[in-house]
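A.B. asks: Here you go, one structure.
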Amino acid sequence: MARLISITGLMILLLIPNSLTQQHNPHLFNIGGVLSNNVSVSNFKEIIDHINFDIQYVNKGVTFSATGIQMDPNPILTALSVCKFLISERVYAVIVSHPLTGDLSPAAVSYTSGFYHIPVIGISSRDSAFSDKNIHVSFLRTVPPYSHQADVWVELLKHFNYMKVIFIHSSDTDGRALLGRFQTTSQNQEDDVEIKVQVEAVIEFEPGLTTFKDQLYEMKNAQARVYLMYASKQDAEIIFKDAQYLNMTETGYVWIVTEQALTAKNVPVGIIGLKLVNATNEDAHIRDSIYVLTSALKEMNQSAVITEAPQDCDNSGSIWETGKVLFEYIRKQVIMNGYTGKVAFDDNGDRINAEYDVVNIQKPSPYIKVLQKSVGKYYYSIVHSKMKLKVNESNIVWPGTSKNKPEGFMIPTHLKVLTIDEKPFVYVRALNSEGETCNQDEIPCPHFNASESINGGKMQCCKGFCMDLLRELSRTINFTYSLALSPDGQFGSYIIKNTTGGGGKKEWTGLIGELVNERADMIVAPLTINPERAEFIEFSKPFKYQGITILEKKPSRSSTLVSFLQPFSNTLWILVMVSVHVVALVLYLLDRFSPFGRFRLSNSDNTEEDALNLSSAIWFAWGVLLNSGIGEGTPRSFSARVLGMVWAGFAMIIVASYTANLAAFLVLERPKTKLTGINDARLRNTMENLTCATVKGSAVDMYFRRQVELSNMYRTMEANNYDTAEDAIADVKIGKLMAFIWDSSRLDFEAAQDCELVTAGELFGRSGYAIGLQKGSPWADAVTLAILDFHESGFMERLDNTWILLGNVQQCEQYEKTPNTLGLKNMAGVFILVAAGIVGGIGLIIIEMVYKKHQIKKQKRLELARHAADKWRTAIEKRKKSRSRADVQRRLKANGINDTVMPISLSVEELPRSLDLQSPIHSMEPIPIELSPLRAPIRC
C-alpha cells in the first residue's frame, strides 16, 4: 500500500508541470487559409469546425477556428490581405494554395508570414525555391518539389536496366535541382557499383527555346538512347518538334519526362512521364495539412509553452519564438493514412513519400489524338516501410509504337582502342622512312592525343599477343577500331585532388584516365583486374590468368678459381693433405727399421741397397695418390708394402669420389635462386641490403598498398620503383637491381628469353588480364562471351605458345637438364695451380742457379789460393836449391874438387822439414821435382 501511494504521488508530480503548461497556453488557436477559390475556403472552414470534435487531434478545452481568404493573383495584394485579414486575427499557422493564374502569390504569403516565423503549409506550390530555408524560413508543403521526381526516375532506370542516359533540363532553379538530386540519388542507391546510373551527357538550355536541333545533333552521336527531360510546356513543344523532325522519337529511343512536359500539345507516342497522385485535389491536401497542424499543436500544447501569435504587421518587434518551435513540431509529424497517402517531411519541410503514377503516352486508335495511360505506380509500401515501384511493362507502348523495350543505347561500330608498349603482349616499332608502312602482322598505333613532336612525328606499328587478340575480337563481334598508344606510357593510377569543399576527388591518369573520361572505348593490353580500377571501369572476363612473382638474376658461383676444390670440404682436403705426409713418414720408418729392409743385390759386389729415405717416401705417397705410375723408390720391407697397398686403395677411393663429385658440382649443378619468394625474410627486413622494386602506379603497386602486412616492405621499395618494366628488367640483367616484382606473364617471358634470369618463389596476388571498357559499355557482354569462346577453342593457348613461351622455356629446361661444357671459367683454378707449379719450379731453378754460381765462385777462390800456394812453394824450392848448390860448391871447393860433374837428384822429400808452411798447401801430397844434373867445375 505504501509503495502504491508513493508511485501515485510521483505521477502527480510529473503531471503537475504539464497541467500548469496547459493552463497558461492559449485555448483558442486560429488557423489561416489563403486558397485558390471560394469553394476551397468553405471546405477549409468546414474541416476546422469538424476537427474540434475529434479528440485524436484536439486537446480537451482547446478550440480551433478558421480564417480563410481567396488568393489574389497579384502578390502585393496577397501580402496585404495576409496582414489585414490573417495576422491581425492572430493566426498560428497559414495554409496556402496556388492561384489559378500567376506564380508569385504563394511566395508573398511565405515572405509575409515568415517575417514573424508563422508556419506556412503549402498544398500546391512545387517550385524548388521553396526548399531554401534562408528565404522561406517557415514554409512546409504537402506536395513534393519537382526535383523529387528524380527519385522515381532512378527507380525506373533500374527497373528497365538503363544504365546510361542523357539528361536534358532548363537552366532554372528546378532544372538544376532535379539534376543534382538525380546524381545524388543514383550514386547512393546501393553499395553495388554495378547498378549506378551513368549520365553520358548533360544538355542544359535557356528557357524560351526557338530551336533545339543543335543539341539534338549532339545527342544523336552519343551512345545513350535514353533521354531524361525536364522542361516547361512551351520548351517541351519545341524539343518534341525538332526531335520528331530528326526521327529521334522513333523506335530505339526512350523519353522519360516530368509532369510539365506531358502537357505539351505535340507530345510523341511512347513517351513515359510521371504524374503526382492527388496533385490537383486541393480538398485532400487541405485536410492533411489541417491534421498535421492540429497534431503538432496538440503535442506542443502538452510539452511546451505557447505564446500568442503576432497581431500587427506594422509592429516590427521581436520575432515570435513559438513559431520557430511550432515549425519543428509540424516538420516531425507523420500521418500514415492521410488523404494523399503517407504524409511526412524532410529537413527542408518538403513532402516525402509522395505517390506518383507512371504515365505512358499512347494512341489507341486513329480517332484519338493521344492518351495518357497509367502503366505503373510509385507508392509507399507499409509492408516494406519504403517506397516501391510497380510497372506493367506489357501495357507500355514505346516510341515508334513498338511493344518491345528498346535497348536504350546505340552500340558504336567503330571503337577507339588504347594499348601500351609491354612485351610480349605489345611490341612497338617506329617507322624510319616516310614512305614505310606497317607489316601485315602489325597495326598502326600512334600516340593517343599526342602532338607530332612525340617520337619525332613518326608513325609506329604494334604487334604481339594483344594485337592478335584485338584482330580476332573485331572479326568475331564485328567492330572496327582505331588503335593508339597510351599518351604517357602508363597504365594509370589515381590521384586524390583536394577540392574547395574540403573533400577529395579521385582522378585517374594513363590508360584508365582516358577510359574513365570517355575519351576511349576500350583498352586491349595486359591490364590487371583489381578493385581500384573496377570501381571506375568495367572489365571483361580474363583472357589470361596470372599472378605476381619476383625476377632476379641467377647467382654466380662463389669462386670460379677454386671451383675444382668444391667436391671436397675444406676439412676433408686438410685430412687428405695430412694423410699423405703421415703415410709417407710411416713408410719411411717401417722401411728403415725393418730387419728385412736391406738385402744384397744379386748383381752387385757385396753392396747393399739403402732403405727408403724420407724424400722417396713422400714422393711415393704423392705418386700413388695422384696415380702417376711411379716405379722407383718403392718400399722394400713387407710391412711397408702392406701399408703401401692400403694407401693405394685409399687413393683409389678418394680419386673416384673426387671425380664423381666434380661431375656433380661442375657439370650437373644449377645455382638456386637467392630469394625464396615474397615471404623471404630478406625482403621483409628493411635493414637487409637488398634492393627490390616494381613499376610506379601499376596494379602491383596498388596491391602492395592494399596489403597491410607488406607496408614496411612497400615503404622501402617505393623509393626504388621504376617508370617502366623495361628499365627495371635491364637493371636486373646488369645486377643493379636485385629483385623486380611484376606480373608473372611478363617475367616468365623474360626468363624464357634469357636463361640467366630466373623467377623466385611461388605466385602471389593472383589475378588476371582483361579487356578494359567504359562503365555500362554495350560491348562488355559481347567481349566477355568472345573471350570465353577463345579459351574453349584453344585460341588463347595458341597465343601463349606464339608470343609468350616462344619455345624457349623448353630450351632453358633442356639447358638445365643437360651437362655444362666445362670451360676456362670452371677449371681456371687447375690451370692456375699448374701455372703456380711452373712458377715455383722456375723459382727453384733460379735459386739452384744462384747457389751453383756461388759454389763456382767459391771453387775459383780455392783454385786461386792453390795456385798462389803453388807459386810460393816453387819459389821456396828454388831458394832451397840455390842454397844447396852453393853449399855443395863450397864443400867441393873445400875438398879441392873443381869442375867435377856430379849428377844431383833432389826431391822435395829431401828438403828440410823444419819449414812450417802456414798455408792450405801443407796438407797436399808432395810434388816430385826432378832436377837436371848439375855440372860444376871442381877446383882444387
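The values are calculated or read from the model by the stated rules, or taken from the named source; none is laboratory data. Owing to the predicted nature of the structure, the values given are computational and were not obtained by experimental measurement. Positions of Cβ are generated from backbone atoms using ideal geometry, with glycine treated the same way; all protein chains shown enter the neighbour counts. With ligands, DNA and RNA removed, areas are computed over all heavy atoms of the protein, side chains included. Shrake-Rupley method; radii C 1.70, N 1.55, O 1.52, S 1.80 Å.
A.B. asks: Tell me, which residue of segment 336-369 that is among the acidic types (Asp, Glu) and closer than 17 Å to Leu140 by Cα is surrounded by the most Cβ atoms within 10 Å (Cβ to Cβ)?
C.D. replies: Only one residue fits best here, namely Asp350.
A.B. asks: Hey, another quick one. Restricting to segment 369-382, count the residues that are assigned to a strand (DSSP E or B) and farther than 23 Å from His159 by Cα.
C.D. replies: Going residue by residue through segment 369-382, those that are assigned to a strand (DSSP E or B) are 371-381.
Subset that is farther than 23 Å from His159 by Cα: 371.
Of the residues in that region, 1 qualify.
A.B. asks: Quick test of your reading of the structure: Glu328 fulfils all but one of (1) in contact (Cβ under 8 Å) with a residue 12 or more places away in the chain; (2) assigned by the TED database to the domain that holds Ser110. Name the failing condition by number.
C.D. replies: For Glu328, the exception is condition (1).
A.B. asks: Is at least one residue of segment 179-194 out of contact with any Pro (no Cβ under 6 Å at 6 or more places or on another chain), modelled with pLDDT of 90 or more and over 30 Å from Arg533 (Cβ atoms)?
C.D. replies: No, segment 179-194 contains no residue that is out of contact with any Pro (no Cβ under 6 Å at 6 or more places or on another chain), modelled with pLDDT of 90 or more and over 30 Å from Arg533 (Cβ atoms).
A.B. asks: Being open to solvent by 10 Å² or more (accessible area, probe 1.4 Å), modelled with pLDDT of 90 or more and either under 19 Å from Tyr356 (Cβ atoms) or small (Gly, Ala, Ser) (or both): is that true of Leu246 here?
C.D. replies: So Leu246 fails the test.
Here's the yes/no breakdown for (1) among the small types (Gly, Ala, Ser); (2) part of a loop (DSSP other than H, G, I, E, B); (3) in contact with a Cys (Cβ under 8 Å, 6 or more places away or on another chain):
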residue: Asp357; (1), (2), (3): no, no, no
residue: Tyr367; (1), (2), (3): no, yes, no
residue: His384; (1), (2), (3): no, yes, no
residue: Met387; (1), (2), (3): no, no, no
residue: Pro406; (1), (2), (3): no, yes, no
residue: Pro424; (1), (2), (3): no, yes, no
residue: Arg429; (1), (2), (3): no, no, yes
residue: Gln440; (1), (2), (3): no, yes, no
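A.B. asks: Then there's this: Look through Asn712, Asn689 and report the one residue that is within 20 Å of the chain's Cα centre (by Cα), open to solvent by 10 Å² or more (accessible area, probe 1.4 Å), modelled with pLDDT under 85 and on the phi < 0 side of the Ramachandran plot.
C.D. replies: Testing whether each residue is within 20 Å of the chain's Cα centre (by Cα), open to solvent by 10 Å² or more (accessible area, probe 1.4 Å), modelled with pLDDT under 85 and on the phi < 0 side of the Ramachandran plot leaves just Asn712.
Residue by residue, here is whether (1) in contact with a strand residue (DSSP E or B) (Cβ under 6 Å, 6 or more places away or on another chain); (2) of a type in the set (D, E, K, R); (3) at pLDDT 90 or above holds:
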{"position": "Ile286", "(1), (2), (3)": "no, no, yes"}
{"position": "Asn301", "(1), (2), (3)": "no, no, no"}
{"position": "Gly317", "(1), (2), (3)": "no, no, no"}
{"position": "Glu321", "(1), (2), (3)": "no, yes, no"}
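A.B. asks: While we're looking at this one, here's another question. Please give the strands (runs of 3 or more DSSP E) falling wholly within segment 64-160 in which 1 or more residues are among the basic types (Lys, Arg) and open to solvent by 50 Å² or more (accessible area, probe 1.4 Å).
C.D. replies: none
A.B. asks: Let me ask something additional. For segment 200-227: of the residues being in a loop (DSSP other than H, G, I, E, B) and of a type in the set (Ser, Thr, Tyr), which is most open to solvent (accessible area, probe 1.4 Å)?
C.D. replies: Here is the first cut: in segment 200-227, the residues in a loop (DSSP other than H, G, I, E, B) are 206-212, 221-223, 225.
When the remaining residues are screened for being of a type in the set (Ser, Thr, Tyr), the result is 210-211.
Details: Thr210: 114, Thr211: 68 Å².
The extreme case among them is Thr210.
A.B. asks: So, restricting to helices (runs of 4 or more DSSP H) that lie completely within segment 737-843, which ones have at least 2 residues that are surrounded by fewer than 14 Cβ atoms within 10 Å (Cβ to Cβ), modelled with pLDDT under 80 and out of contact with any helix residue (DSSP H, G or I) (no Cβ under 7 Å at 6 or more places or on another chain)?
C.D. replies: 808-817
A.B. asks: Is there any pair linking a residue in segment 584-596 that is farther than 13 Å from Val646 by Cβ to one that is among the β-branched types (Val, Ile, Thr) and part of a helix (DSSP H, G or I), with Cβ under 8 Å and at least six apart or on different chains, and which?
C.D. replies: As it stands, the answer is Ala584/Ile618, since those pairs meet every condition given.
A.B. asks: Can you name every residue in segment 263-293 that is within 30 Å of Lys241 (Cβ to Cβ), touching a Leu at 6+ places or on another chain (Cβ under 9 Å) and open to solvent by less than 10 Å² (accessible area, probe 1.4 Å)?
C.D. replies: Within segment 263-293, Ile271, Ile272, Gly273, Leu274 qualify.
A.B. asks: Kindly indicate which of Val143, Val94, Val137 is within 19 Å of Asn74 (Cβ to Cβ) and at pLDDT 90 or above.
C.D. replies: After applying the criteria, what remains is Val94.
A.B. asks: Now, a different point. Are any residues in segment 40-63 surrounded by 19 or more Cβ atoms within 10 Å (Cβ to Cβ) and over 23 Å from Asn281 (Cα atoms), and if so, which ones?
C.D. replies: The answer is Val58, and nothing else.
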